[in-house]
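Novice: Dropping a structure here in structure tokens format, bear with me for questions.
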């Protein structure tokens, strides 16, 4: 091969390598654009949903699910005060973390057969507030309106049978923190729940039996209302279902047996007295009683003080119940 042929082959090889590099670069740029395009619903939904939750909770987005971790206790308000129908439960922090975190679909789908909260879903949560507190059906596990029964505090929540705090009506006070243009909660089917007005502050009209409707862009969402069902009236979207509740969902971890109703009692005060330490006061027959409780490691100590100052202490170990 002469010198001219060698130079010709070298130029051909160089042109070929350059062409391959250009094609590869174009493919890489196109791939990145496809992954970051603002028109891609797979990138828009996670950012919006993750940013909706408040700083006291931890969120992560994986594929088509939003995972929310919290201890189930609010940081924006007091608890328990105002309850006049009490089963002697108190709020305890719950381990809604890791494999026991809340799971919310990022791309919700309307169900062909929605589940009505008027006749089902009496167990477990149906939504999650943006402060990390779960929201249960407005009807309790007996099918009664928990609000009208006097079971709820001034914020719409109470301690459940597992000493797990949760709401039964919409936490509308959260609009003060997130604004009317942001959801105050998400249904466990993934559809957002707005407050008492539309996101632009206008009056809400045309809600269906699930307390939801479509916006002008054809997107479905729920609303809070001051009358039943107060919050999403069931699952308008596709969810897993088992044994009368949305599945999967985190499980509270009780450390003591469920309480029984204390007729005539009214909770008048509640405060956090230290790290994982709380005090609750209630009146019964015009006399004041106190329940102090604290958590140290895996030990839960409850101190009950009667009007005469007599003290009774109960101790429970996590995982022993």
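Novice: Mind running the shape call on region 43-246? Use the C-alpha gyration tensor, a ≥ b ≥ c as the square roots of the eigenvalues: rounded below 1.5 for a/c, prolate if a/b tops b/c, oblate otherwise. Please report the intermediate quantities before stating the final value.
Specialist: On the way: a/c = 1.35, a/b = 1.21, b/c = 1.11.
Verdict is rounded for region 43-246.
Novice: Only Cα pairs under 8 Å and at least 6 apart count here; give the relative contact order of region 205-298 as a rounded whole percent.
Specialist: Values: 100 pairs, mean separation 12.6, N = 94.
The value is 13 percent.
Novice: Rounded to a whole number of µm²/s, how large is the Stokes-Einstein D of region 266-317 at 20 °C and 1.002 mPa s, given Rh as the Kirkwood radius over C-alpha pairs?
Specialist: Values: Rh = 11.5 Å.
After rounding, the answer is 186 µm²/s.
Novice: When you count, for each residue, the other Cβ atoms within 10 Å and take the mean per peptide, how do 64-70, 110-116 rank with the highest first? Walk me through the numbers on the way to the answer.
Specialist: On the way: 64-70: 20.1, 110-116: 13.4.
Peptide ranking by packing, descending: 64-70, 110-116.
Novice: I've got another one for you. Counting pairs of alpha carbon atoms under 8 Å apart in space and at least six apart in sequence, what relative contact order in percent does region 266-317 give? Before the final figure, lay out the partial values.
Specialist: On the way: 97 pairs, mean separation 12.2, N = 52.
Once divided by the residue count of region 266-317, the mean separation gives 24 percent.
Read-outs throughout are calculated quantities, based only on the coordinates presented, and are distinct from any laboratory measurement. Every value quoted in this text rests on a predicted model; they were computed, and no experiment measured them. Neighbour counts run over all protein chains shown; Cβ positions are idealised from the backbone, glycine included.
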